[in-house]
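In what follows, a structure is listed as structure tokens, so that the remarks can point back to it.
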Amino acid sequence: MKPNTIVYTSNTGYTRQYATLLGEKTGLPVYSLNEAMKKLDPGRSILYFGWLMAGKVQGYAKASKRFHVEAVCGVGMGATGSQIEDLRKANTLPASLPVFTLQGGFDITRLRGIYKLMMTVMIKTAGKGLSNKKDRSPEEDAMLELMLHGGSHVSEENLTAVLEWYQKAQ
Ligand SMILES: Cc1cc2nc3c(=O)[nH]c(=O)nc-3n(C[C@H](O)[C@H](O)[C@H](O)COP(=O)(O)O)c2cc1C
């Protein structure tokens, strides 16, 4: 079914930016998951956006218990369109559910507490591993650049596949 609402969970704002951009493109109303839990009737058809933490789409489990999730967009550090099968496995997403990945952004100064600690460790381990790797792919280069210097990859182009799916959905 075609979703009639966009719901998102964002920690540092990049996922919210994507949800808002898609809301502008489609005219659909946009709610954070917290707002949606208070304001929307259960069972509503939604398009869900969640940021990725250790491979998990944040808020998806909660959102899918209350609403009818028509498609999922995971926002992480990897390239747009990558890691889709990994995401399906890690989040036990049904094969029939459309899944999209979008490259978000990274800014260590926006992180607090445990998240900051986790990313500091991640930069030291994965970041170091990537730095030392000689034959990095363009995607790995982009990920390394994000980890080391931060930045945003949020763009309208990255939403092309999601928008095409939405326009075809009935
Ligand atoms: C603790 C932590 C774990 C993360 N794990 C992943 C991950 O497994 N895969 C990924 O692609 N990005 C991962 N990221 C990157 C975030 O998903 C990315 O920065 C995203 O744009 C954050 O969105 P937000 O601004 O909406 O919170 C992680 C970030 C943090 C802070």
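Quick one: which of Glu156, Glu164 is charged (D, E, K, R), in contact (Cβ under 8 Å) with a residue 60 or more places away in the chain and within 21 Å of Phe49 (Cβ to Cβ)? If you could, list the steps in order and put the result at the bottom.
Details: Glu164 fails: in contact (Cβ under 8 Å) with a residue 60 or more places away in the chain.
Just one listed residue meets the conditions, Glu156.
Scan the stretch 41-60 for residues that are more than 14 Å from the chain's Cα centre (by Cα), in contact (Cβ under 8 Å) with a residue 24 or more places away in the chain and over 11 Å from Val7 (Cα atoms) and jot them down.
We begin by selecting, within the stretch 41-60, every residue more than 14 Å from the chain's Cα centre (by Cα); these are 41-46.
Then drop every residue that is not in contact (Cβ under 8 Å) with a residue 24 or more places away in the chain, which leaves 42-46.
Listed by number, the residues that qualify are Pro42, Gly43.
Within the stretch 139-153, restricting attention to residues that are in contact (Cβ under 8 Å) with a residue 40 or more places away in the chain and not hydrophobic (A, V, I, L, M, F, W, C), which residue is farthest from Phe106 (Cα to Cα)?
Here is the first cut: in the stretch 139-153, the ones in contact (Cβ under 8 Å) with a residue 40 or more places away in the chain are 139, 142-143, 146-147, 150-153.
Then drop every residue that is not not hydrophobic (A, V, I, L, M, F, W, C), which leaves 139, 150-153.
Numbers: Glu139: 15, Gly150: 5, Gly151: 6, Ser152: 6, His153: 9 Å.
Restricting to residues being in contact (Cβ under 8 Å) with a residue 40 or more places away in the chain and not hydrophobic (A, V, I, L, M, F, W, C), the top hit is Glu139.
Since Arg112 meets every condition but one in (1) surrounded by 15 or more Cβ atoms within 10 Å (Cβ to Cβ); (2) within 13 Å of the ligand (Cβ to nearest atom), which condition does it not meet?
Looking at each condition in turn, Arg112 falls short on (1).
Kindly provide the set of residues from the stretch 21-50 that are in contact with a Lys or Arg (Cβ under 9 Å, 6 or more places away or on another chain) and either over 18 Å from Pro98 (Cβ atoms) or of a type in the set (Phe, Trp, Tyr) (or both), ordered by number.
Val30, Tyr31, Ser32, Leu33, Ala36, Met37, Leu40, Pro42, Gly43, Phe49
Listed here are the residues, each with its yes/no results for (1) part of a helix (DSSP H, G or I); (2) touching a helix residue (DSSP H, G or I) at 6+ places or on another chain (Cβ under 7 Å).
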residue	(1), (2)
Ser96	no, no
Leu102	no, yes
Thr109	yes, no
Thr120	yes, no
Leu130	yes, yes
Ala142	yes, no
Glu145	yes, no
Ser155	no, no
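Please determine, by comparing only the residues of the stretch 54-70 that are of a type in the set (A, V, I, L, M) and surrounded by fewer than 20 Cβ atoms within 10 Å (Cβ to Cβ), which one is nearest to Val99 (Cα to Cα). Show your work before the answer.
Of the residues in the stretch 54-70, the ones of a type in the set (A, V, I, L, M) are 54, 57, 61, 63, 69.
Pick out the ones that are also surrounded by fewer than 20 Cβ atoms within 10 Å (Cβ to Cβ) and you get 54, 61.
On the way: Ala54: 17, Ala61: 14 Å.
Restricting to residues being of a type in the set (A, V, I, L, M) and surrounded by fewer than 20 Cβ atoms within 10 Å (Cβ to Cβ), the top hit is Ala61.
Have a look at Tyr8, Tyr18, Tyr48, Tyr31 and point out the one that is more than 10 Å from the ligand (Cβ to nearest atom) and surrounded by 21 or more Cβ atoms within 10 Å (Cβ to Cβ).
Values: Tyr8 fails: more than 10 Å from the ligand (Cβ to nearest atom); Tyr18 fails: more than 10 Å from the ligand (Cβ to nearest atom); Tyr31 fails: surrounded by 21 or more Cβ atoms within 10 Å (Cβ to Cβ).
After applying the criteria, what remains is Tyr48.
What about Val75, is it of a type in the set (A, V, I, L, M), assigned to a strand (DSSP E or B), within 7 Å of the ligand (Cβ to nearest atom) and at pLDDT 95 or above?
Values: of a type in the set (A, V, I, L, M): yes; assigned to a strand (DSSP E or B): yes; within 7 Å of the ligand (Cβ to nearest atom): yes; at pLDDT 95 or above: yes.
In short, yes.
Among the residues of the stretch 120-137, what is the count of those that are touching a residue at least 12 places away in the same chain (Cβ under 8 Å) and either more than 13 Å from the ligand (Cβ to nearest atom) or hydrophobic (A, V, I, L, M, F, W, C) (or both)?
Kept after step one, since they are touching a residue at least 12 places away in the same chain (Cβ under 8 Å), are these residues of the stretch 120-137: 120, 122-123, 126-127, 130-131.
Checking which are either more than 13 Å from the ligand (Cβ to nearest atom) or hydrophobic (A, V, I, L, M, F, W, C) (or both) leaves us with 122-123, 126, 130-131.
Result for the stretch 120-137: 5.
Among the strands (runs of 3 or more DSSP E) confined wholly to the stretch 1-62, which include 1 or more residues that are closer than 24 Å to Asp86 by Cα? Even if it seems obvious, please write down each step before you answer.
On the way: elements: 5-9, 30-32, 45-53.
Result: 5-9, 45-53.
Yes or no: the stretch 139-146 includes at least one residue that is near the ligand (Cβ under 9 Å from one of its atoms) and of a type in the set (A, V, I, L, M). Working first, answer last.
Keep residues of the stretch 139-146 that are near the ligand (Cβ under 9 Å from one of its atoms), which gives 143, 146.
Applying the additional criterion that residues be of a type in the set (A, V, I, L, M) yields 143, 146.
Taking every residue of the stretch 139-146 in turn, at least one turns out to be near the ligand (Cβ under 9 Å from one of its atoms) and of a type in the set (A, V, I, L, M).
The values are calculated or read from the model by the stated rules, or taken from the named source; none is laboratory data. As the structure is a computational prediction, the values presented were derived from the model and not from experiment. Neighbour counts are summed over all protein chains in view; Cβ atoms, including those assigned to glycine, are modelled from backbone coordinates with ideal geometry.
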